[in-house]
Amino acid sequence: MKIINRFFAALLFVISSPVLWATNAKYESELYTLNVTYNEKIIPGDAVFARMKITTPKKKGKLETDKKASLILIQDKKAIETSPFYQIDFNKKTNTLEMLGSVPVSPWISGGTFSLKVIFSSSEEESFEFLLPVVFENREFNKETIELDAKNSAIKNDTSPERVAQIEKLNNILFTTMPSDVYALKPFEAPNPSTRYTAYFGDRRVYVYSNGKSSTSLHYGNDYGIPTGSDVKSCADGKVVMAENRISTGWSVVVEHLPGLYSLYYHMSELIVKEGQMVKAGDLLGKSGATGLATGPHLHWEMRLNGSAVRPEFFLRDFTFSEE
């Protein structure tokens, strides 16, 4: 692929945005004008979303929708996350194509020199790349020790073929990206109105087993300390891609919202939805409980982007810049 221009041979403008936590960048060439809105802070456990509007002067002809683009997060000159943009809108009247790209930021990142690169391809022979300014902001995570009884110790250490198959099935879902599956572009909602959390995303956990041994892990979601039977609602529009009982997470539901973006709901006592069902934000998915590996009644709410866990609160704001 021939790189025609590394920085579009054009002017770059970075301006303030009506969305307080977002930044706008504009790139121009003879054929295209690209307006990119994105969140510039690289924060461990969060994500970076970039919404790109591509326009072509009508005198240059009709804008084709076969454009391709990639979003790349770079740490210390090494690409650590790469994800393709996907189309979310095309306006024939304004000759404008809109695309959305996103990359997760690992909760294990503690620092470095970061940059964000966009590669835009207008044909098989033309490709342009440019950098978006970013700022690193560190985050501290909680630490906790959890003592497990014999039942939960057995679940945590279960290596049976059934549990291995369940893990493989879930991973196959979470690492699947379907470019056409655009269901939710508005800010998400919490799955339950409770503000009582018993654990947070990114908690560094030490599990102490009933035999005295221990292991460490990262907590991938938020735990709501709510009674068994409490409502669990979908955080956004989407498609139910899993609804079943699992050894470690109990009665569980997974909903797809955007290409590569999924919400997960664990340890429920009852499921209301079925696999393949379409849901709207606020629709009832099931009732909370204490099934699977649980030390008490609660709801575990988790978000996955391109297979990686992302802090759920990140999605409670206008992360796709739909109100821009």
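The values are calculated or read from the model by the stated rules, or taken from the named source; none is laboratory data. Since the structure is predicted, the reported quantities are computational estimates derived from the model, not experimental observations. Note that each Cβ is placed from the backbone with ideal geometry, even for glycine, and that neighbours are counted across all protein chains shown. Note: areas computed on protein heavy atoms with side chains; ligands, DNA, RNA excluded. Shrake-Rupley method; radii C 1.70, N 1.55, O 1.52, S 1.80 Å.
Structure notes:
- Some residue of the stretch 303-315 being of a type in the set (S, T, N, Q) and touching a His at 6+ places or on another chain (Cβ under 9 Å): no
- All conditions in (1) farther than 30 Å from Asp66 by Cα; (2) surrounded by fewer than 17 Cβ atoms within 10 Å (Cβ to Cβ); (3) touching a residue at least 24 places away in the same chain (Cβ under 8 Å); (4) within 20 Å of the chain's Cα centre (by Cα) hold for Gly225, with the sole exception of (4).
- Subset of the stretch 192-231 [more than 26 Å from Asp158 (Cβ to Cβ) and in a strand (DSSP E or B)]: Tyr197, Asp231
- Count of the stretch 302-324 residues, restricted to those that are outside any loop (DSSP other than H, G, I, E, B) and closer than 10 Å to Gly45 by Cα, is 5.
- Test for Leu97: is it aliphatic (A, V, I, L, M), farther than 30 Å from Asn222 by Cα and open to solvent by 60 Å² or more (accessible area, probe 1.4 Å): no
- Residue that is most open to solvent (accessible area, probe 1.4 Å) [pool: residues in the stretch 26-50 that are among the hydrophobic types (A, V, I, L, M, F, W, C) and modelled with pLDDT of 90 or more]: Ile43
Quick grid of which residues meet (1) out of contact with any Gly (no Cβ under 9 Å at 6 or more places or on another chain); (2) open to solvent by 40 Å² or more (accessible area, probe 1.4 Å):
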| position | (1), (2) |
| --- | --- |
| Val253 | no, no |
| His267 | no, no |
| Gln277 | yes, yes |
| Asp283 | yes, yes |
| Lys287 | no, yes |
| Arg311 | no, yes |
| Phe314 | no, no |
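- Considering residues of the stretch 147-164 that are hydrophobic (A, V, I, L, M, F, W, C) and assigned to a helix (DSSP H, G or I) only, the residue farthest from Ile247 (Cα to Cα): Ala150
- Just one of the listed residues (Val273, Val279, Val208, Val232) is hydrophobic (A, V, I, L, M, F, W, C), touching a residue at least 60 places away in the same chain (Cβ under 8 Å) and more than 30 Å from Ile109 (Cβ to Cβ), namely Val232.
- Scan of the stretch 247-277 for residues that are farther than 19 Å from Asn222 by Cα, among the charged types (D, E, K, R) and part of a strand (DSSP E or B), ordered by number: Glu270
- Scan of the stretch 126-179 for residues that are among the acidic types (Asp, Glu) and either under 23 Å from Gly101 (Cα atoms) or in contact with an Asp or Glu (Cβ under 8 Å, 6 or more places away or on another chain) (or both), ordered by number: Glu126, Glu129, Glu137, Glu144
Residue-by-condition table, conditions (1) hydrophobic (A, V, I, L, M, F, W, C); (2) under 18 Å from Lys41 (Cβ atoms); (3) in a loop (DSSP other than H, G, I, E, B):
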{"residue": "Ile54", "(1), (2), (3)": "yes, no, no"}
{"residue": "Glu64", "(1), (2), (3)": "no, no, yes"}
{"residue": "Ile72", "(1), (2), (3)": "yes, yes, no"}
{"residue": "Glu81", "(1), (2), (3)": "no, yes, no"}
{"residue": "Gln87", "(1), (2), (3)": "no, no, no"}
{"residue": "Thr94", "(1), (2), (3)": "no, no, yes"}
{"residue": "Gly101", "(1), (2), (3)": "no, yes, no"}
{"residue": "Trp108", "(1), (2), (3)": "yes, yes, yes"}
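- Residue selected from the stretch 170-191 under the condition among the aliphatic types (A, V, I, L, M) and part of a loop (DSSP other than H, G, I, E, B), by the criterion least open to solvent (accessible area, probe 1.4 Å): Ala184
- Hits in the stretch 231-247 (condition: polar (S, T, N, Q) and buried (at least 19 other Cβ atoms within 10 Å of the Cβ)): Ser234
- Test: residue in the stretch 111-130 that is of a type in the set (Val, Ile, Thr), without any contact (Cβ under 8 Å) to a residue 60 or more places away in the chain and open to solvent by 60 Å² or more (accessible area, probe 1.4 Å): yes
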